[in-house]
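*Asks:* Can you keep this structure in mind? I'll have questions shortly.
The values are calculated or read from the model by the stated rules, or taken from the named source; none is laboratory data. These figures come from a predicted structure and were not determined experimentally. Every residue, glycine among them, receives a Cβ derived from its backbone with ideal geometry; neighbour counts consider all protein chains shown.
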Amino acid sequence: MDDITIRSHLQALKGLSSPAPGSSGTEAGGAEFAETLAKSLEKVNHLQKEADQAITEFVSGETGNIHETMIAVNKADLAFRLTMQVRNKIVEAYNEVLRMQV
């Protein structure tokens, strides 16, 4: 995912985090969730950038430590996979709510 896409998603999440005037306290929990999700996406993005930097440094010969490079890549991969699993669960829960009869 490129930086522009991530920024647009983060802006959308930040828009969700501002409760409307006169809203109840239950929406504040939604704001906290949106903030937590946005922070998590920022951390995943940061890990991806660190992995890219580690690969660039290894390929250019600035560092010869393949172990640290692979650790950075695996951290980024694991964080991305976890994020995708969380996204899948959120989409699944949303679809379940849509199927509920009122």
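*Asks:* Do we have E92 as in a helix (DSSP H, G or I) and at pLDDT 95 or above here?
*Replies:* yes
*Asks:* While we're looking at this one, here's another question. Is there any pair with a first residue in region 80-102 that is surrounded by 10 or more Cβ atoms within 10 Å (Cβ to Cβ) and a second that is at pLDDT 95 or above and polar (S, T, N, Q) whose Cβ atoms are under 9 Å apart and which are 6 or more apart or on different chains, and what are they?
*Replies:* Here the result reads F80/Q48, each pair linking region 80-102 to a residue that is at pLDDT 95 or above and polar (S, T, N, Q).
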